[in-house]
Amino acid sequence: MTHRLKPNGRRVVPLLIFALLALVPAATAIGADAFVLSLVTRIMIFGLAAMALDLLLGYGAMISFGHAAYVGIGAYSVGILSSSGIDDVFVQIAVAFAASGLFALVTGAISLRTKGAYFIMITLAFGQMLFFLASSLAAFGGDDGMTLPSRSLVFGAPILKNTVVLYYAAFICLLGFYALCRAIVASRFGRVLRGIRENLVRMEAIGFAPYPYKLAAYVIAGMIASVAGVLLANQAEFVSPAYAGWQRSAELIFMVVLGGVGSLHGAIIGAALFVLLAEYLSRLTEYWPMIFGPLLILVVIFARGGIAGLLKAWR
Amino acid sequence: MTPTFAFIQILNGLQFGMILFLIAAGLTLVFGVMDFINLAHGVQYMVGAYLAAAFTAWSGSFFIGLALALPAALLFGLLLEFLVFRHLYDRDHLDQVLATFGVILFLNQAVKLVWGAEPLSVPIPDVLSGTIELSDGILYPVYRLVIIGVGLGVGLLLYAVVNHTRLGMLVRAGATNAPMVAALGVNIRLLFTIVFGTGAMLAGLAGAMVAPLLSVEPGMGDHVLILTFVVIVIGGIGSMRGAFVAALLIGLIDTLGRFVAPSVLRAVLDPAAASQVGTALAPMLIYLIMAGVLCFRPSGLFPMKH
């Protein structure tokens with residue numbers, strides 16, 4: 001009966017998260033610092049990317065160490081298209097979907113032939129390959145990255161220039177993809193994926209070939225993360241190879257683990273904690289990674305199951 | 001590309017490959033025996049370079065600096081093992097990756113705090129600073145040849161120890177089935193510590209050896225770490241022989257690719273486009289090779305037998 005109790009908690013927490021996120025612009029309207037708005041926008045963008053990664057980590061037991069590459073593909077779709085005069089956000093998202101889907105299909109097809117540590121390292125290496133490709137695009141800023149001429153247009157209107165509109169655009173994306181991921185996880189496809197995570201041999205024995213399921217999940221997760229890249233490019237009005245760097249991939253993994261692997265909304269909580277903590281510490285000292293690094297180690301060693309695990313233990 | 005130029009680039013590639021081998025040897029051993037993914041192996045290389053730079057500046061001699069840096073790198077590695085890694089051996093790979101990433105964040109900043117953000121430079125010792133005439137007209141720096149020699153020496157030594165001593169036998173047995181080795185009464189913790197210490201010292205040695213060639217700076221280990229991953233994935237995780245072959249392969253391809261790719265492309269593209277595509281393609285080449293190898297051999301060229 002314990003699993004009957006879980007869905008309640010799983011419904012309340014996400015509801016709270018999205019209600020809170022929906023109300024943030026109201027708080028800034030009554031007088032909170034406008035900076036909060038851009039900070040929470042960043043939280044939602046990284047939350048979206050981390051949630052996509054959680055689909056792989058938490059439900060497919062695939063430790064992808066190159067997920068930032070897909071954020072990079074999304075960001076560069078905006079950067080490259082807008083510098084050649086194509087500003088429509090829907091065209092940009094379509095290109096980001098196509099490019100990230102293709103990259104995920106090709107690299108996933110090779111990576112998923114390997115197991116365990118090999119998978120971690122090969123996804124890392126493919127991520128770095130993309131990073132070097134972005135660095136060598138001299139026409140689009142090379143190593144230094146490039147500033148966008150302007151934010152994307154929605155039906156020809158520059159409404160994303162307004163920070164509140166951009167905020168809600170990110171909010172709608174996060175909510176929409178959260179609903180999609182929930183539906184995927186609850187579907188037959190999702191159950192097969194979880195079955196593969198729990199016991200590969202048994203799933204094979206009852207007649208499921210794991211490879212196509214894993215590959216489909218890998219492609220979906222890549223495409224969702226590319227939307228985060230499209231949003232990130234618009235928010236920062238800047239694209240850079242650093243978006244796709246391996247440190248970013250590690251940070252995304254940290255967000256997922258911090259919030260609790262395999263809950264989807266946990267990734268959003270993890271992203272919030274990560275962004276807020278990094279923001280706070282970086283104001284404290286220039287050497288903030290010296291605090292952040294050991295903190296990360298302590299979380300891994302002592303807080304198994306992330307924040308969700310801690311709360312469970314505390315109860 | 002003239003034959004002379006090609007020959008020099010091949011030597012440069014070999015030298016780079018030897019450095020990669022020194023780092024990869026430790027990483028692949030640690031992984032093979034302990035099933036432990038250590039992202040912090042790259043910063044151990046960086047710390048080795050910093051220690052060599054600091055001790056060289058203090059003593060005024062590169063050799064004294066090197067002699068002090070090696071045991072210091074060993075002690076530093078063992079300290080990390082005691083403080084952090086020891087708690088991660090029975091965890092899954094995800095936890096190991098994250099915690100060792102935390103070590104990277106800390107150390108990349110810590111060296112900045114201790115030695116400053118400015119790159120340090122270490123002079124090549126006078127005895128090794130000259131060039132040698134390989135054949136008529138081809139001059140090559142002695143120091144780079146010394147690195148190739150050190151790499152070969154370490155490779156032979158490791159081969160002898162791993163394949164022909166009792167300790168090496170335990171290491172090989174540990175890589176095949178560590179719990180069984182422990183059950184047979186071997187102190188597996190001690191074996192882990194020896195393997196780990198060796199790996200840390202070899203990474204430190206690689207860092208100390210390249211200190212006179214490269215600038216010693218924060219983050220210098222990050223790029224090398226990824227290349228080392230590519231090396232041990234191609235070679236087969238846990239395989240020393242695989243690490244050696246793959247390190248030389250990657251060293252050669254990465255060095256020669258930068259010159260060969262544009263000139264090959266010139267046959268099909270116009271020169272400007274060829275050099276542009278070539279410079280974009282060259283850094284990606286090793287990842288494409290890795291993809292190709294894993295496509296046909298998912299466990300690398302020399303897979304460990306379990």
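Its DSSP H runs of at least 4 residues, each contributing -39,500 (n - 2.57), put the calculated 222 nm mean residue ellipticity of chain B at -26000 deg cm²/dmol, to the nearest 500.
Burial annotation for region B:215-248: residues with an accessible-area loss of at least 50 Å² between the isolated chain and the complete set of protein chains, computed on heavy atoms with a 1.4 Å probe, are B:ILE226, B:PHE229, B:ILE237. Among the chymotrypsin sites (Phe, Trp or Tyr not before Pro) in region A:126-170, those located in a DSSP loop and surrounded by at most 16 other Cβ atoms within 10 Å of their own Cβ are A:PHE155. Which one of B:PHE229, B:LEU157, A:LEU215 has its Cα pushed farthest toward the positive end of the charge dipole of the protein assembly as shown, where Lys and Arg give +1 and Asp and Glu give -1 at the Cβ? So the residue furthest toward the plus end is A:LEU215.
When you restrict to C-alpha pairs under 8 Å that are six or more residues apart and normalise by the size of region B:3-218, the relative contact order lands at 43 percent. For chain A, the dipole from Cβ point charges (+1 on Lys and Arg, -1 on Asp and Glu) about the Cα centre works out to 1500 debye, to the nearest 20. Placing +1 on each Lys and Arg Cβ and -1 on each Asp and Glu Cβ, with no other charges, gives region B:3-218 a dipole about its Cα centre of roughly 440 debye. When the accessible areas of B alone and A alone are added and the area of the pair subtracted, with a 1.4 Å probe, the result is around 4000 Å², both sides summed.
Taking every residue in A:67-76 and counting other chain Cβ atoms within 10 Å of its Cβ, the average works out to 0.
Label separation (B:ALA182 vs A:VAL164): 6.0 nm, computed from points 7 Å beyond Cα along the C-beta direction. The dipole here belongs to the protein assembly as shown: it is taken about the Cα centre, uses +1 on the Cβ of Lys and Arg and -1 on the Cβ of Asp and Glu, and is about 2320 debye. Principal axis extents of the C-alpha atoms in the protein assembly as shown (largest first, rounded to whole Å): 74, 65, 52. The mean number of Cβ atoms from other chains found within 10 Å of a Cβ in peptide A:112-124 is 6, as a whole number. Take B:ARG189: with every protein chain present and a 1.4 Å probe, its accessible area is about 120 Å². Between helix B:62-83 and chain B there is an angle of about 50 degrees, using the helix long axis and the longest principal axis of the Cα atoms.
Close amide-amide hydrogen proximity is noted between A:ASP88 and A:LEU153, each under 5 Å apart and 5 or more residues distant or on a separate chain (H modeled in the peptide plane; Pro and chain starts excluded). Of the residues A:GLU237, A:GLU286, A:GLU204, the one that moves most in a GNM of chain A with alpha-carbon contacts below 10 Å is A:GLU286.
Of the residues A:TYR178, A:VAL78, A:LEU296, the one whose Cα sits farthest toward the positive end of the charge dipole of region A:2-314, with +1 on the Cβ of Lys and Arg and -1 on the Cβ of Asp and Glu, is A:TYR178. Our summary gives chain A a relative contact order of 33 percent, counting only alpha carbon pairs under 8 angstrom and 6 or more residues apart.
Roughly how far apart, in whole Å, are the Cα centres of region B:286-306 and region B:205-241? The distance from the Cα centre of region B:286-306 to that of region B:205-241 comes to 19 Å. Using the rule -39500 (n - 2.57) for each DSSP H run of four or more residues, divided by the residues of chain A, the 222 nm mean residue ellipticity is -26000 deg cm²/dmol.
In region B:222-306, a dipole from Cβ-located charges (positive for Lys and Arg, negative for Asp and Glu) runs towards its positive end, and of B:LEU269, B:ILE253, B:ALA280 it is B:ILE253 whose Cα lies farthest in that direction. Of the solvent-accessible surface of chain B, computed with a 1.4 Å probe over protein heavy atoms with every protein chain present, carbon and sulfur atoms account for 70 percent. Using θ = phi - 60° in the Karplus curve 6.51 cos²θ - 1.76 cosθ + 1.60, the 3J(HN,Hα) couplings for region A:49-63 round to 5, 5, 5, 4, 5, 5, 4, 7, 5, x, 10, x, 6, 9, 7 Hz; x is entered for Gly and Pro. Averaged per residue, the protein assembly as shown has 42 square angstrom of accessible surface, using a 1.4 angstrom probe with ligands and nucleic acids left out. Among B:VAL47, A:VAL106, B:VAL268, the order of accessible area from largest down is B:VAL268, A:VAL106, B:VAL47, computed with a 1.4 Å probe on protein heavy atoms.
The values are calculated or read from the model by the stated rules, or taken from the named source; none is laboratory data. Everything numeric here is computed off the predicted structure, so don't read it as measured data. Neighbour counts run over all protein chains shown; Cβ positions are idealised from the backbone, glycine included. All accessible areas refer to the heavy atoms of the entire protein, side chains included, with ligands and DNA or RNA removed. Shrake-Rupley method; radii C 1.70, N 1.55, O 1.52, S 1.80 Å.
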